[in-house]
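Note sheet for the following structure.
Quick note: the coordinates plus some simple rules give every number you see, no bench work behind them. The structure presented is a predicted model; accordingly, all values stated were derived computationally and were not measured. Cβ atoms come from the backbone with ideal geometry, glycine included; neighbour counts cover every protein chain shown.
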Amino acid sequence: MNTFALSTLGCKVNQYETQALREQFQALGWRERPFRAGADVCVINTCVVTAEAEEKCRKEARRARRANPAARVFLTGCAARADAERWRRIPGVAGVFTREQMVNLADVLQEGAPPPEGDIFRWSIRRFEGRTRAFLKIQDGCDAGCAYCIVPQARGPVRSRPLADIRAEAARLTSAGHVEIVLTGIHLGHYGRGLHPRVTPADAARAVLAAPGLLRLRLSSIEALELSDELLTLAAGGGEDRDDAGAPALCPHFHLPLQSGDDAVLRAMNRRYTAAQYLDVLDRARRRLDRPSFTTDVMVGFPGETEAAFENTLLLCRRAGFSRIHIFPFSPRPGTPAAERPGRVAPEVLRGRVGRLKTLADALARDYRRQFLGEVVHPLIEHRRDRATRLLTGWTARYVKTIVAGPDEWKGRLQPVRVSDLRAGGFLGVALPPK
């Protein structure tokens, strides 16, 4: 029997596409091996969002060759569209294929010319191997044109998946035991473009919420101005406490990329909102939902960012009360307008600003979590235990990590837990009897 190995770098969409590749290999009768253990064929699903991500891809290719010098190593994903010829020159790489070509996996594995490109939405999955919650890709592509981002070149134009396909895949995933589904895409808020009649992200959410056995639905990430009243209604529809295990509803956790809290920097980034508009969205959500969780991305040190501009970012973060902030020091990505911008922030200044924002982010996260002390939450228990404590670990509807003592039988289900203390990154809880 032939063997295959897969390596995934980058976002949730890449993780979904790797699972689709896995199921294609399995349908051909191939057996999977760990990536670094050697296999007949190794496929690296690449990420090129930063120069560091590209370097990781090159290292993975070298690891695959060391593990099995006779292996055929293929690259797919964003590198294949962004600059395929450069990646083909890496020693030991047998081929570089777009994800549209990898849809025709059997042809890729044959000798000869690359296969024609197919419809990426022919890819579908039946389960999400190794994961408690399942990602469901509903959209691809981006045309936002943020000044620092290579994704439009790597992912192509906006495309949307038909509702019937989304509905069918959600039913397959819940029948495989996934009680929480995460809707994902490259620009999730643009879901519906290209479909007739036109539909919205809320329509996709409703289609998934109808899946038998579903307990929770979550959005991976959405732009603030695209968090619609329809989506907030779906989050509010299940009652005040969305940690409750009753009727399924959209989780009151929204990842809303910010990038900067300064209007001049936002304009230079080509982000299409102001700081005030961003905060208005959070206020609107808080009027509809009980203590929603807002997580975000912030880029520090974009060219031209002054000390005053950075202070505006700190002020907005305090006002927003984020439960988690992902901090990204600016790194020039060749091929983007920002890579050529003057006004680079000095490295020592950049490090200082990152440190100050991290201190604030930690304090905001503690403040958010503290308000749940003594309350009952319902984390979805992961299949893997916490490495440090060996206790069960899970995530609440508001996306707070929770650690609790309990048996393996609880894995994969919602477990009532009373929050007894705070730990770095989340809750420590005491399990309660299920309702």
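Would you list which aspartates and glutamates come within 16 Å of Lys137, measuring only between C-alpha atoms, while excluding same-chain residues fewer than 8 positions from it? Reachable aspartates and glutamates: Glu17, Glu23, Glu100, Asp119, Glu129, Asp165, Glu169, Glu180, Asp203.
Normalised by 2.2 N^0.38 Å, where N counts its residues, the alpha-carbon radius of gyration of the range 82-220 equals 1.17. Sorting the segments 196-204, 214-222 by their mean number of nearby beta carbons within 10 angstrom, highest to lowest, gives 214-222, 196-204.
More than 19 Å apart: what percent of Cα pairs in the range 53-153 qualify? For the range 53-153, the share of Cα pairs beyond 19 Å comes to 56 percent. Cross-link partners for Lys401 among the lysines, with Cα-Cα distance under 17 Å and sequence neighbours closer than 8 places in the same chain left out: Lys411. Once Rh for the chain is found with the Kirkwood sum over Cα pairs, what is the Stokes-Einstein diffusion coefficient at 10 °C and 1.306 mPa s, in µm²/s? For these conditions, the coefficient is 69 µm²/s. Volume of the convex hull of the range 1-41 (Cα atoms only), normalised per residue: 53 Å³. Placing R0 at 41 angstrom, the Cβ-Cβ distance between Ala339 and Asp280 gives a FRET efficiency of 0.80 after rounding to 0.05. For the range 376-431, the relative contact order is 36 percent, taking Cα pairs closer than 8 Å that sit 6 or more residues apart in sequence and dividing their mean separation by the residue count. Below 8 Å between Cα atoms, with a sequence gap of 6+, how large is the relative contact order for the range 151-260 in percent? It comes to 27 percent, rounded to a whole number.
Cβ distances below 4.7 Å define possible disulfide partners, and in the chain the cysteines left without one are Cys11, Cys42, Cys47, Cys57, Cys78, Cys142, Cys251, Cys317. Among His178, His187, His326, His255, sorting on how many other beta-carbon atoms sit within 10 Å of each Cβ, with the fewest leading, yields His326, His255, His187, His178.
For the range 124-370, a Kirkwood hydrodynamic radius built from all Cα pairs, placed in the Stokes-Einstein relation at 10 °C and 1.306 mPa s, yields a translational diffusion coefficient of 83 µm²/s. Straight-line reach from Lys56: taking Cα to Cα under 22 Å and skipping same-chain neighbours fewer than 8 places apart, the lysines in range are Lys12. Computed on the Cα atoms alone, the convex hull of the range 376-431 gives a volume of 67 cubic angstrom per residue.
Shape summary: the range 3-120 maps onto an equivalent ellipsoid whose semi-axes, from the alpha-carbon gyration tensor, are 18, 17, 14 Å in decreasing order. Mean residue ellipticity, 222 nm, helices only, the chain: the sum of -39500 (n - 2.57) across DSSP H runs of n ≥ 4, divided by residue count and rounded to 500, is -10000 deg cm²/dmol. Distant-in-sequence amide contacts of Ile150, defined by a placed amide H-H separation under 5 Å and a gap of 5 or more residues or a different chain, comprise nothing. Cβ-to-Cβ counts within 10 Å put Arg271, Arg72, Arg284 in ascending order as Arg284, Arg72, Arg271, the fewest first.
If both residues of a DSSP beta bridge must be in the chain, then about 30% of such bridges are antiparallel.
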